[in-house]
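Written below as structure tokens is the structure these notes are about.
The values are calculated or read from the model by the stated rules, or taken from the named source; none is laboratory data. This structure is a prediction, so every number in the text was calculated from the model and none was measured. Cβ: placed from backbone, ideal geometry, glycine included. Neighbour counts: every protein chain shown.
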Amino acid sequence: MQPMNDSCPETLPDSPSSNGWPKRLNMVVLFFTCNLICYMDRINIAVTAPVIMKELGWNEAALGIILSSFFWGYTLLQIPGGWLADRYGGKKVLGAGVLWWSFFTMITPLAKTAGSMAVFRTLMGLGEGVNFPAIQSLSSRWIPAGERSRVMGFILSGISVGNILAFPLATWIMVAWGWPFVFYIFGLLGFFWLAFWPWCAANRPEEHSTIHPRELAYIRDNRPEIAPLEKIPWKLLLSNVHVWALVVNHFCVSWGFFMFLTWLPTYLVKAHGFSIKEMGLYAMLPYVAMVIGSNGAGWLADYCIRRTGKITSIRKIFHTISLVSASVFLILLAQADSKPGVILLITLALGMLSMTGSTTGPNALDIGPRYAGIIMGMQTTAGNIAGVIVPVVVGCMVSLYNRWDMIFYIAAGVLLFGAVVWNVFATGRQVLD
């Protein structure tokens, strides 16, 4: 198979929409809802943290370690999960991951000490570790080239929708029944999702029993032929500068995102005096902006690529706008002192950061579709390293120095570094066959 050029056709064959609901959209909806549940289960500890800290007597440093512990397990299965999905198919890998993390979400309230909570969060992270690599691997086989930006933008916006739902819902559940029920109810959602997954999903469109022949032909005509992966070509991947540009930027973007994901509720309550109910309401607004930013950028990027044929240029322009503007809003946030100003700047920062769903999101499919799951595993491993570091850095800085402003300056610097690396080294060409 020959690498694809840094362009796409001026016109692609029409999507076979006249044959009913496309089966690939079933996959997209399942990926979206899987991400939604994944992040509801991930963020529940952050939303409930102010209440749990008070009840169990944890300080910010202890909470930082607990928030970090999720990423210890989450990191371990990123690359193995991508390899398993690329080698054997993502259907079983993703299904097993959802089953595992949903179970450990439900039993989390059994942990009554910081140590036991860290263990449960680590075990839950193991299950969620296969989520993104498996979805990326399946997407490389199901999603035509001309739909990648908007599909990945939509799939990743499931993260934001999960957060939008989690904040007010978890707050309401806490007030009504207590914080343990947040974990019980959120964990059940994964089992509900699993009721649909075995019957609606397939590793490849060629294996789907009811896909229309016209849709199958459309998918196959608009994606590179992907041979089964026998082994991981580590030398090829680790020596490729374009892969490293993607990995480094996933670290940088994750630094900014996980900073808010893990600490936003506590920051609003502790630093600016939001009540629990106010936190549950206002903390979801930045994630509404992320849904708009991720989907809007995805559709616009696909449109620009179709009109210009310049995948690399569009990826770089969108990514630069995203990271530079988010950095500016973080710097302003460090100096904000009013509740409306804080919410507005967080909303703008995360809204702009969400544009990376149209850049780093589909880039593994651009540069090496055969290795998409493994590359995503490398990306998310780097992102999880940020996820391990950020909660501890924030917890220690706040606990020892009572400095919230410094965490935003540091995050802005990390994002600007990512923008430089991306513009120098990233590409939208297929460079791995």
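Here Gly280 fulfils each of the conditions (1) under 21 Å from Ile155 (Cα atoms); (2) of a type outside the set (A, V, I, L, M, F, W, C); (3) buried (at least 22 other Cβ atoms within 10 Å of the Cβ) apart from (1). If the condition is being buried (at least 16 other Cβ atoms within 10 Å of the Cβ), aliphatic (A, V, I, L, M) and in contact (Cβ under 8 Å) with a residue 40 or more places away in the chain, then region 170-193 contributes Ala170, Met174, Val182, Leu189. Considering only residues in region 270-296 that are under 15 Å from Gly341 (Cα atoms) and in a helix (DSSP H, G or I), the one that is nearest to the chain's Cα centre (by Cα) turns out to be Pro286.
Of everything in region 194-204 that is in a helix (DSSP H, G or I) and of a type in the set (Phe, Trp, Tyr), the residue that is surrounded by the most Cβ atoms within 10 Å (Cβ to Cβ) is Trp197. Filtered by the rule that a residue be touching a Phe, Trp or Tyr at 6+ places or on another chain (Cβ under 6 Å) and closer than 24 Å to Val393 by Cβ, region 16-40 gives no residues. Scanning region 314-340 for residues that are modelled with pLDDT under 95 and surrounded by fewer than 17 Cβ atoms within 10 Å (Cβ to Cβ) returns Gln335, Asp337, Ser338, Lys339, Pro340. Within region 353-392, being buried (at least 24 other Cβ atoms within 10 Å of the Cβ) and under 25 Å from Met279 (Cβ atoms) holds for Leu353, Ser354, Gly387, Val390, Pro391. The condition of being farther than 22 Å from Glu147 by Cα, in contact with a Ser or Thr (Cβ under 8 Å, 6 or more places away or on another chain) and modelled with pLDDT under 95 holds for only one of Trp179, Trp234, Trp199, that being Trp179. Among all positions in region 31-54, there is no residue which is over 27 Å from the mean Cα position of the chain (by Cα), at pLDDT below 90 and part of a loop (DSSP other than H, G, I, E, B).
Just one residue in the set Gly298, Gly256 is surrounded by 21 or more Cβ atoms within 10 Å (Cβ to Cβ), closer than 25 Å to Met152 by Cβ, of a type in the set (Gly, Ala, Ser) and touching a Lys or Arg at 6+ places or on another chain (Cβ under 7 Å); that residue is Gly298.
Within region 220-239, being under 25 Å from the mean Cα position of the chain (by Cα) and either of a type in the set (S, T, N, Q) or in a helix (DSSP H, G or I) (or both) holds for Trp234, Leu237, Leu238.
Are there helices (runs of 4 or more DSSP H) fully within region 90-156 with at least 2 residues that are surrounded by fewer than 24 Cβ atoms within 10 Å (Cβ to Cβ) and either among the hydroxyl-bearing types (Ser, Thr, Tyr) or free of Cβ contacts under 8 Å to residues at least 40 places away in the same chain (or both)? List them. Even if it seems obvious, please write down each step before you answer.
On the way: elements: 90-106, 114-128, 131-142.
Because the criterion is at least 2 residues that are surrounded by fewer than 24 Cβ atoms within 10 Å (Cβ to Cβ) and either among the hydroxyl-bearing types (Ser, Thr, Tyr) or free of Cβ contacts under 8 Å to residues at least 40 places away in the same chain (or both), the helices (runs of 4 or more DSSP H) in region 90-156 that meet it are 90-106, 114-128.
Look at (1) of a type outside the set (Gly, Ala, Ser); (2) part of a helix (DSSP H, G or I); (3) surrounded by 14 or more Cβ atoms within 10 Å (Cβ to Cβ); (4) in contact (Cβ under 8 Å) with a residue 60 or more places away in the chain and you find that Leu216 fails only one, number (4).
Restricting attention to region 55-78 and to residues that are part of a loop (DSSP other than H, G, I, E, B) and touching a residue at least 24 places away in the same chain (Cβ under 8 Å), the residue that is surrounded by the most Cβ atoms within 10 Å (Cβ to Cβ) turns out to be Leu77.
The rows are residues; the columns are (1) in contact (Cβ under 8 Å) with a residue 40 or more places away in the chain; (2) in a helix (DSSP H, G or I); (3) under 30 Å from Trp58 (Cα atoms).
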position: Val324; (1), (2), (3): yes, yes, no
position: Phe329; (1), (2), (3): no, yes, no
position: Gly361; (1), (2), (3): yes, yes, no
position: Leu365; (1), (2), (3): yes, yes, no
position: Met376; (1), (2), (3): yes, yes, no
position: Gly395; (1), (2), (3): yes, yes, yes
position: Ile410; (1), (2), (3): no, yes, yes
position: Val421; (1), (2), (3): yes, yes, no
position: Val424; (1), (2), (3): yes, yes, no
